[in-house]
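> Sharing a structure below in structure tokens format, with a few things to ask.
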There are 2 protein chains.
Amino acid sequence: MSSTRDIDALIAMMAKLPGLGPRSARRAVLHMIRKRALLLTPLADLMQTVAATARECLNCGNVGTSDICDICASEKRANGILCVVEDVADLWAMERSGTFKGRYHVLGGTLSALDQVGPSQLRIPKLIDRVATEGITEVILALNATVDGQTTAHYIADELGGRAALSSLAQGVPIGGELDYLDDGTITAALNARKRL
Amino acid sequence: MSSTRDIDALIAMMAKLPGLGPRSARRAVLHMIRKRALLLTPLADLMQTVAATARECLNCGNVGTSDICDICASEKRANGILCVVEDVADLWAMERSGTFKGRYHVLGGTLSALDQVGPSQLRIPKLIDRVATEGITEVILALNATVDGQTTAHYIADELGGRAALSSLAQGVPIGGELDYLDDGTITAALNARKRL
Ligand SMILES: [Zn+2]
Ligand SMILES: [Zn+2]
């Protein structure tokens, strides 16, 4: 290889990012080197800042820069209504739709017999606890329309029993579809047409 | 958005990289935050190092960490034979094939009437100069099989006149194809079957 060790190492590490392979990593690194002042140096600085400050919210699992995230800490969000999502990316997708004004709970995945993921590997105990202690009256299960997503929704519905009104996103979520792929309008429609379980 | 300003800024900047869009940038940033010690911090460090050290070779245009790149500085590479490529990514693709043992010259693009790119915006004057002063007896024009690539090859052939034997990559380069997309075996075959112009 003509590139020196640090450049090679940078390419190899960039290639580990989801959505990038070796070829796109090489392209990205050459592009960054050409745009050093506009891209490479600011990216390095931002990554260092984020590495030093990013953390998971102790309450809901969202990613932010404090132990309690902006949404959990906000006084403007509605109490009593909780939207349960699998992943932080799904929470961000919900927020982009701008429709939901309550609070969130990020499970960190779904139950999976195949991958041996049980309730305690997810934030399910914490969810049960929040519903009991935060005066939650409605829980929206905004899980992906996959087998594991729906299994997880049923498990949570069983665990919560009658302690809160449950609903799931309805209209607009395609079979097998994932929230983070949907446009904002579809998410809004699915949220407005949510059906009680 | 639930993510804080630095995380948003990092996502926005990652989305500017070739091959990444907003969605894949969000996925990449969440992945990096989860793999902070393995990915985010080392990436930030490597980017800072590369930003501080990467430079274009003054002789050939390759990217390295010194004014004269490893290939130009190497005593093991054959003198007298020069492989001309459009882009550093093409040089790296040639090197991965492991076949070529001579030196390189990176044009930095192709002539383009549409984009108003003339010879002086590329490293063409430097190429003419190198052929005259470095005792070059063979020039391989390893340009992409695009209209602009072939126009550039013809222009260089005219400029060099009879001062060096000219060849172009032959067998294996598909019409409209770009070097950086080819597998190593195809590049090797094209190089071995190069035809004189
Ligand atoms: Zn939170
Ligand atoms: Zn060089």
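> B:Ala165's amide H: which non-local residues (gap 5+, or another chain) put their own amide H closer than 5 Å, with H modeled 1.01 Å from N in plane and none for Pro or chain starts?
Residues meeting the amide H criterion: B:Glu138, B:Val139.
> Right, another one. Give me the dipole magnitude in Debye, nearest 20, for segment A:31-100 about the Cα centre, with unit charges on the beta carbon: positive for Lys and Arg, negative for Asp and Glu.
I would put it at about 460 debye.
> Roughly how tilted is helix B:41-53, in degrees to the nearest 10 and between 0 and 90, from the longest Cα axis of chain B?
Relative to chain B, helix B:41-53 is tipped by roughly 40 degrees.
> Moving on to the next point. Using a loss threshold of 50 Å², tell me which positions in segment B:64-96 are less accessible in the complex than in their chain alone. Probe radius 1.4 Å, ligands and nucleic acids ignored.
Output list: B:Trp92, B:Arg96.
> If amide H atoms are built 1.01 Å from N in the plane of the peptide, which residues on other chains or at least 5 residues away come under 5 Å of the amide H of A:Ser66?
A:Arg55
> Let me ask something else. Relative contact order, percent, of chain B when contacts are C-alpha pairs under 8 Å separated by at least 6 residues?
15 percent
> Please give me, ordered by residue number, the GluC sites (Glu not before Pro) of segment A:40-90 that lie in loop per DSSP and have at most 15 other Cβ atoms within 10 Å.
A:Glu75
> With label points built 7 Å along Cα→Cβ from the Cα atoms of B:Ala15 and A:Arg163, find their separation and express it in nm.
3.8 nm
> Would you please state which residues of segment B:133-160 a label at B:Ser120 would reach in this model, taking the label point 7 Å out along Cα→Cβ and a backbone N cut-off of under 14 Å?
In segment B:133-160, the label zone of B:Ser120 (backbone N under 14 Å from the point 7 Å along Cα→Cβ) covers no residue.
> Restricted to Cα positions, what overall size does the protein assembly as shown have along the principal axes? Three whole-Å values, descending.
88, 40, 38
> Rounded to the nearest 100 Å², what is the sum over both chains of accessible area buried where A meets B, with a probe of 1.4 Å?
When A and B are taken together, about 5600 Å² of accessible area is lost.
> Compute, for segment B:5-53, the length of the dipole vector about the Cα centre, with Cβ point charges of +1 (Lys, Arg) and -1 (Asp, Glu) only. Units Debye, rounded to 20.
With Lys and Arg at +1 and Asp and Glu at -1, about 260 debye.
> Moving on to the next point. Just how many % of Cα pairs in segment A:5-53 lie over 12 Å apart, if you round to the nearest whole percent?
Above the 12 Å cut-off, segment A:5-53 has 65 percent of its Cα pairs.
> Mind checking which aspartates and glutamates have their C-alpha under 15 Å from A:Lys76, skipping anything on the same chain fewer than 8 residues away?
List returned: A:Glu95.
> Separate question: Which angle between 0 and 90 degrees, to the nearest 10, do you get for helix A:22-34 versus the longest principal axis of chain A when only C-alpha atoms count?
70 degrees
> Out of the DSSP beta bridges found with both residues in the protein assembly as shown, what percent are antiparallel (nearest 5)?
30 percent
> Hey, which lysines would be in cross-link range of A:Lys16, C-alpha to C-alpha under 28 Å, not counting anything within fewer than 8 residues on its own chain?
List returned: A:Lys35, B:Lys16, B:Lys35.
> Next up: Alpha carbon centre of segment A:91-109 versus segment B:39-101: separation in Å?
Segment A:91-109 and segment B:39-101 have Cα centres separated by 45 Å.
> Something else about it: Given a Förster distance of 22 angstrom, what is the FRET efficiency for B:Arg23 paired with B:Thr146, based on the Cβ-Cβ distance and rounded to 0.05?
0.15
> Hey, what do the phi angles of segment A:97-110 turn into as Karplus ³J(HN,Hα) couplings, whole Hz, using 6.51/-1.76/1.60 and θ = phi - 60°, x for Gly and Pro?
For segment A:97-110, the Karplus curve yields 5, x, 8, 8, 10, x, 10, 10, 9, 9, 5, x, x, 10 Hz.
> Further question: With each run of n ≥ 4 DSSP H residues scored as -39500 (n - 2.57), what mean residue ellipticity at 222 nm is computed for chain A after dividing by its residue count and rounding to the nearest 500 deg cm²/dmol?
-12500 deg cm²/dmol
> Which distances, in nm and shortest first, link the A:Arg55 label point to the same label point in every other copy, taking 7 Å along Cα→Cβ?
Label-point distances to the other copies, shortest first: 4.2 nm.
> Please name which of A:Leu46, A:Gly102, A:Ile124 has its Cα lying farthest along the dipole of chain A towards the positive end, using unit charges on Cβ (Lys, Arg +1; Asp, Glu -1) and the Cα centre as origin.
A:Leu46
> Something else: When all alpha-carbon pairs of chain B are counted, what percent fall beyond 21 Å?
When every Cα pair of chain B is considered, 59 percent fall beyond 21 Å.
> Label segment B:77-168 by shape, choosing from rounded, prolate and oblate, from the square roots a ≥ b ≥ c of the eigenvalues of the Cα gyration tensor; if a/c is under 1.5 it is rounded, and otherwise prolate applies when a/b is larger than b/c, oblate when it is not.
Here segment B:77-168 falls in the oblate category.
> How large a share of the accessible area of segment A:77-168, in percent, is made up of carbon and sulfur atoms when the probe is 1.4 Å and the other protein chains stay in place?
Ligands and nucleic acids excluded, carbon and sulfur give 51 percent.
> With axes computed from alpha carbons, what is the tilt in degrees of helix A:147-160 against the longest principal axis of chain A, rounded to the nearest 10 within 0 to 90?
It is inclined by approximately 40 degrees.
> Could you provide, to the nearest whole Å², the per residue accessible area of the protein assembly as shown with probe 1.4 Å?
Here the residues of the protein assembly as shown average 44 Å² of exposed surface.
> Run through the other copies and list how far each one's label point is from that of B:Asn79, in nm with one decimal, shortest first; the point sits 7 Å from Cα along Cα-Cβ.
Reported distances to equivalent positions: 8.2 nm.
The values are calculated or read from the model by the stated rules, or taken from the named source; none is laboratory data. Being a predicted model, the structure only gives us computed values, none of them experimental. A quick note on method: Cβ atoms are made from the backbone with ideal geometry, for glycine too, and the neighbour counts reach across all protein chains shown. Keep in mind that these areas ignore ligands, DNA and RNA; they rest on the heavy atoms of the full protein, side chains included. Shrake-Rupley method; radii C 1.70, N 1.55, O 1.52, S 1.80 Å.
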